[in-house]
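Novice: Please see the structure below; I have some questions.
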């Protein structure tokens, strides 16, 4: 996998600082503007995870479901990318289960 782009690093820093709205915007913009990037799936996951950390569970669940749909529709990915996607899909299922216990 290539080096992590600066945009994703900044988005993660804002997420860690608790600025979920700004982090979400940066991740969403990266997802929309980098259609061929191998870390695009991660940006989409992090949009959902920002909702989760902001305790916006209904929005988080919808975003996680969208992430799962996006991942299941990917046809041309490398083995390394598939391993990362599998790990994030597992985490997504865990998050959705956690959301169900809250809602």
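Novice: Which label marks the calculated value of log10 I(q)/I(0) by the Debye sum over Cα atoms at q = 0.11, 0.17, 0.19 Å⁻¹, given the options [x] -0.44, -0.80, -0.94; [y] -0.34, -0.79, -0.95; [z] -0.31, -0.75, -0.93?
Specialist: [z]
Novice: Have a look at 90, 76, 58 and tell me which one the Gaussian network model of the chain (Cα, springs below 10 Å) gives the largest fluctuation.
Specialist: 76
Novice: Here is a follow-up. If each residue's Cβ is checked for other Cβ atoms within 10 Å, how do 49, 86 rank with the fewest at the top?
Specialist: With the sparsest Cβ surroundings first, the list reads 86, 49.
Novice: Sort 51-57, 21-27, 31-37 for me by packing, meaning the mean count of neighbouring Cβ atoms within 10 Å per residue, highest on top.
Specialist: In decreasing order of mean packing, 51-57, 21-27, 31-37 become 21-27, 51-57, 31-37.
Novice: Something else about it: Please identify, among 41, 30, 14, the residue showing maximal mean-square fluctuation in a Gaussian network model of the chain using a 10 angstrom Cα cutoff.
Specialist: Per the Cα network of the chain with a 10 Å cutoff, 14 tops the list.
Novice: Return, ordered by residue number, the residues of the stretch 52-74 whose backbone nitrogen is under 20 Å from a label point located 7 Å along Cα→Cβ of residue 19.
Specialist: Within reach of a label on residue 19, which here means backbone N under 20 Å from a point 7 Å along Cα→Cβ, the stretch 52-74 contributes 52-56.
All of the numbers you see were taken from the coordinates with simple rules; none came from a lab. None of these values were measured; they are calculated from a predicted model. Heads up, the Cβs are rebuilt from the backbone with ideal geometry, glycines too, and the neighbour counts pull from every protein chain shown.
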